[in-house]
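Please treat every number below as a calculation from the coordinates, not as lab data. Keep in mind that this is a model prediction, so the values were computed, not measured. With ideal geometry, Cβ positions are generated from the backbone for all residues, glycine too; neighbour counts draw on all protein chains shown.
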Amino acid sequence: MLQEDHPLVKSAGTVSLPAAELKEFVAALMQKFPVIAPILKGREYVFAQLEDAAQLADDYQPTILPAKKVLQQPLETVFSFVRQEAFAEDGKCTSLGEERICFVDHGAAVQKKVLFGVRPCDVNSFNVLDEVFCKDLPDPFYCQSRQETLIVAQNCVKPCRSGFCYYQQTGPGLQRGYDLLLTELDNAYLVEAGSDAGRELLALHPFAAAAPEMSLARDELLAATSRRLPKHILTRNLAELLEENVDHPVWEDLQRRCLGCGTCTMVCPTCFCYNVYDKLDLGLESGVRQREWDSCKLMEFSQVALGHNFRKGRQARAQWRIYHKLLYQQRQFGKTGCVGCGRCIYSCMVNIDLTDVASTLGGE
């Protein structure tokens, strides 16, 4: 086993891992951290905490829900409260008149973990979410989880079923945002360290120096994958096309087809909207404040005080999603809101495809 002062650990170079030893390395990681990785669930894949390294699906299609669910949980408790002084030692008590209310902050402690096998599109989605949650008004839940999560990413050497990441510059190879990066070659993995934390992980398993030809093989595989992607999206002058075609007939077509179910936003790795609500017991002795993912595709999302809804129609909501992904987020953050994972395409029950919308606007 490599020691922490071994040159392979301390250098910024690459190492090699035999394919047969991948799950041994995962098992070594599990000795130190909870490891969340893709596993098979029915005929699809999901990110879940591994109980055994044998559960790891090392060759998988994009998961049902994106890896963002590890950093921004679909449902999470912000705080809870109870009218019992015995609860005071576990939380922060605040006196309200004659009442004594004890609050517990559920976001105070975050355990360090490893997110393993993340595809480049999902890793690039974290860069978008970082802009939203960790810049002007930091969200402690997301930011603490982000800080305590080690990213072991995996390049895509095979095209997925609906991906167009190459055209969004988010794949199939990853450039940054990882602690370790794996590329599957014939009988071995090329392993690249992208941070000091990643180099420390290399001390957990025996590695060999990577042969120079492995990097060449990686580049050739990624180039071949780029050429074989099943989808492509028009990117040239797309912003101008969207600005000039607000009333294009394609939007009426979306109105007729869209169910307004919100599936496309639930599976999107860069959607960040959520709803906050309180749950109280009938005796008003305790309660919780929770937040859960929400969707701009749902009619209630845009309803405001006195019942007015400024995006009540399905066309307005369907149009908003595409404009937000392909235009507004680019303006606001300098990053596209679409990472080309294709989840919204293959999850849509009526086969709405935003790459087809872009092509129609471009006259293709």
Next on the checklist: I need F116, F310, F79 ordered by Cβ neighbour count within 10 Å, fewest first.
Outcome noted: F310, F79, F116
Checklist outcome for this item: Cα-based Rg and Dmax for segment 186-273, in Å, come out at 22.0, 60
Checklist outcome for this item: Karplus-derived 3J(HN,Hα) from phi for segment 169-179 (6.51 cos²θ - 1.76 cosθ + 1.60, θ = phi - 60°), whole Hz, x at Gly and Pro, runs 6, 10, x, x, x, 9, 9, 7, x, 10, 8
Checklist outcome for this item: Assertion target for I352, I151, ordered by fewest C-beta neighbours within 10 angstrom first, is I352, I151
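Compute the length gained on full extension between A19 and R83: take 0.36 nm times their separation in residues and subtract their Cα-Cα distance, giving the result in nm to one decimal.
17.4 nm
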Item to check | Whole-Hz couplings from phi, Karplus 6.51/-1.76/1.60, listed for segment 224-241; x for Gly and Pro | outcome: 5, 5, 4, 6, 9, 4, x, 10, 9, 10, 5, 10, 6, 6, 5, 4, 5, 5
Checklist entry - In the structure displayed, which of K68/K158; K23/K69; K23/K68; K112/K325; K41/K158 lie more than 25 Å apart, Cα to Cα? => result K112/K325
Item to check | About the Cα centre, charge dipole magnitude for segment 238-361 (Lys/Arg +1, Asp/Glu -1 at Cβ), debye | outcome: 120
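First select every other residue whose beta carbon is under 9 angstrom from the beta carbon of A19; then total the charges, Lys and Arg +1, Asp and Glu -1.
-4
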Checklist outcome for this item: At 25 °C and 0.890 mPa s, the Stokes-Einstein diffusion coefficient in µm²/s for the chain, with hydrodynamic radius from the Kirkwood sum on alpha carbon pairs, is 108
Item to check | Residues whose placed amide H lies under 5 Å from that of K231, excluding near-sequence neighbours | outcome: G163
Checklist outcome for this item: Between K279 and D247, the two model label points (7 Å from Cα along the beta-carbon direction) sit apart by a distance in nm of 4.8
Checklist entry - Per-residue ellipticity at 222 nm for the chain, helices alone: DSSP H runs ≥ 4 residues times -39500 (n - 2.57), over residue total, nearest 500 deg cm²/dmol? => result -8000 deg cm²/dmol
Item to check | DSSP bridge orientation in segment 133-263 - percent antiparallel, rounded to nearest 5 | outcome: 60
Item to check | segment 289-364 versus segment 195-216: alpha-carbon centroid distance in Å | outcome: 40
Next on the checklist: Explain nothing, just compute: Karplus ³J(HN,Hα) = 6.51 cos²θ - 1.76 cosθ + 1.60, θ = phi - 60°, for every residue of segment 279-293 in order, whole Hz, x for Gly and Pro.
Outcome noted: 10, 10, 6, 4, x, 6, 8, 7, x, 9, 10, 10, 9, 9, 4
Item to check | Potential lengthening between C261 and E213 on full extension [0.36 nm per residue; Cα-Cα distance subtracted] | outcome: 12.4 nm
Item to check | Relative frequency of Cα-Cα separations exceeding 16 Å in segment 251-357, percent | outcome: 64
